[in-house]
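Derivation of every value follows stated rules applied to the coordinates shown; laboratory data play no part. Since the model is a prediction, treat every value here as computed from it, not as a measurement. All Cβ positions, even for glycine, are placed from backbone atoms using ideal geometry, and neighbour counts span all protein chains on display.
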Amino acid sequence: MSELTLTVMRLGFLAVLWLFVIVSIQVIRSDLFGTRVTQRTARRAEAQRPPQRPQPQQPPQGGGRRGRGRNAPTKLVVTEGSLTGTTVALQGQTITLGRAHDSTIVLDDDYASSRHARIYPDRDGKWIVEDLGSTNGTYLDRTRLTTPTPIPLEAPIRIGKTVIELRK
Amino acid sequence: MSNLTTTGSNTTVSSGGLPSRRNTELAMLVFAVLVPVFAYANVGLAINGELPSGMLGYGCGLVLLAGVGHLVVRRYAPYADPLLLPLATMLNGLGLVLIWRLDQSERLRQRAESAFGAFSPDAPKQLLYSAIGLALFVAILLFLKDHRVLQRYTYISMAVGLVLLVLPMFFPARNGARIWVDLGFINLQPGEFVKIILAVFFAGYLMVKRDALALASRRFMGMYLPRGRDLGPILVIWALSLMILVFETDLGTSLLFFGLFVIMLYVATERTSWIVFGLLLSAGGAAVVATFEPHVQERVQAWLHPFSEEVIQSTGSDQIAQSLWAFGSGGVLGTGWGQGNSDLIGFAANSDFILATVGEELGLTGMMAVLLIYGLIVERGVRISLAARDPFGKLLAVGLSGAFGLQVFVVAGGVMGLIPLTGMTMPFLASGGSSVLANWALIGILLRISDTARRPAPAPAPSPDAEMTQVVRP
């Protein structure tokens, strides 16, 4: 084998090895720059349907988690029940409620199911509450939820003896 | 965003779920098989000037391993992480090439013939071990339907882990360390499996106890100091790891065992003070043991003065010096496959010191790539831990990837002269059955946790009450 061929193969191998590493990192790009992707979809969704919006929201600026308009809730507060005073910061994550120990908010309540309800942002950043087939139901104000429903600010969500609200 | 469906004015997360990314995995796997095959051809061309005759066999073996792995993941863990399998396959493939390349070395052949009377190549054995390792990986994905099952075996795994840790004490030492269990027909290195078993125990234990360990503390100088009685567990583990160091003279297992506990304790409690305590305890313990244990002293001397004539005489090996020369002669771009002299390391050139061959023949550039691949495996593990929904899964994933990362650090650090050499093996690269088996099992468990974590939640059953109230009219 000539010296030249071997040198080319040596450098070629290093290039291929690094290409593998770089492609691997491309695969997990969404982990590293995930916020940018969500932000783009959020903006597109916003552009599609501004009239449905009860209150005009500012277009998101910066990362997808921040700047969801001035009326967006930033925390979830437990106002009644054994967990009164607990707050959870709303950062775009799904919040699960129930007696199961892996819920975000673990309810110590005989009237709660183990996976009772969840609260999550839809792609416009509105917060939605959904009953997960609980036995005793989830109530928004006085009405029992049957479908995923957007949560108005400071509207009480009642699960058994626990009441939670979303606040700014 | 295919996981969002619009129904009327409501946007709901459908049960269709996240993309499974199995095709990405397949593409990466093809890549991960082609790179080692290219390396294989490279070695043959450099040493003999022709394509190696066994290339087809090894290539097919690797394709078969990757293919079976992929199909099983596609069928039984469809939402698992797309990168772990390709990364592990890549390292395993590169390891096979490195071992085969060292099998070609005339020096190592003569050395083995003068020492044992016969030379047997390690590459076919390693291919066999890889196949068994993959079988274990497949078995885990088939039979472990939910990683939370492991939680039931918290205290059983503690017992098994301790037995495995103690077992090598009753077997004769090899090369100064008691890390082997000789069953007559097979030699096992239980330390490799212990890291998985103990990660299960620590995860189960800390999940229950973390509140006590995290909340009851006093604030002192910006750190949360735990109460005296909460120091119990960490002191017990510390004492155990020191006993391993003293009685088995095995620095690696001892470090891995204690480090794993400290990492998991830190993750479970979010208290920096545990890291500080852990570092102080391990440094203190190691310093004390080094004063009276000759084997540890030897290792420390070999680390501090690798080129000193006396140390080489007294330890009877110049492995570290040769390894450092290998890294040095590799330079930035390396000498190229098959053209280095890393076989001068002699004993353990293809197991503990395999990284020196990477450093010499692929240079700093190749070394960085290989370390990045390890780093990516650890990153995926931590990512899986973040995505996992149950605390046990979170702790287990972080424990497994932490142990993996710690092992890579301990081995790479030892070979490069950053820390004293410990006698562990580089996961996937190094020749050795126990290591390959245990690490494929580790990847299998991580994939299972990630599949459970990314699997979309089943659509909630419509509440029968709610529907009936809608039908009834006044």
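The figures follow:
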read-out: Average beta-carbon neighbours from other chains, 10 Å sphere, peptide B:380-387; value: 1
read-out: The range B:95-166: C-alpha pair distances exceeding 14 Å, %; value: 74
read-out: Peptides ranked, highest mean first, by Cβ atoms within 10 Å: ranges B:364-377, B:103-116, B:395-408; value: B:395-408, B:364-377, B:103-116
read-out: Shape of the range B:263-374, Cα gyration tensor, a/c cut at 1.5; value: oblate
read-out: Peptide B:129-138, shielding by other chains (average Cβ, 10 Å cutoff); value: 0
read-out: Efficiency of FRET between A:Val8 and B:Phe143 - r from beta-carbon atoms, R0 45 angstrom, step 0.05; value: 0.40
read-out: Overall dimensions of the range B:250-289 as given by Cα atoms, namely Rg and Dmax in Å; value: 10.4, 30
read-out: Share of Cα-Cα pairs in the range B:358-414 lying beyond 18 Å, as whole percent; value: 41
read-out: Computed FRET value (nearest 0.05) for B:Glu270 with B:Ala159, which takes r as the C-beta separation and R₀ as 25 Å; value: 0.30
read-out: Relative packing of peptides B:121-128, B:238-245, B:259-266 - highest average C-beta neighbours within 10 Å first; value: B:259-266, B:238-245, B:121-128
read-out: Per-residue average of Cβ from other chains inside 10 Å of A:3-16; value: 5
read-out: Stretch gain in nm, segment B:Ala212-B:Val288, where the contour uses 0.36 nm per residue and the Cα spacing is subtracted; value: 24.3 nm
read-out: Among B:40-50, A:77-87, the order from most to least packed when residues are scored by Cβ within 10 Å on average; value: B:40-50, A:77-87
read-out: Gyration tensor (alpha-carbon) shape descriptor, chain B, a/c threshold 1.5; value: oblate
read-out: Computed lengthening from A:Thr146 to A:Trp18, 0.36 nm per intervening residue step minus Cα-Cα distance; value: 40.8 nm
read-out: Estimated FRET transfer efficiency when R0 is 60 angstrom, pair B:Leu280-B:Ala27 (beta carbons, to 0.05); value: 0.80
read-out: D (Stokes-Einstein, µm²/s), Kirkwood Cα radius, the range B:298-359, 0.890 mPa s at 25 °C; value: 206
read-out: Rounded if a/c under 1.5, otherwise prolate or oblate - the range A:112-152, Cα gyration tensor axes; value: oblate
read-out: Nearby lysines by direct alpha-carbon distance to B:Lys125 (threshold 25 angstrom, same-chain neighbours under 8 apart not counted); value: B:Lys195
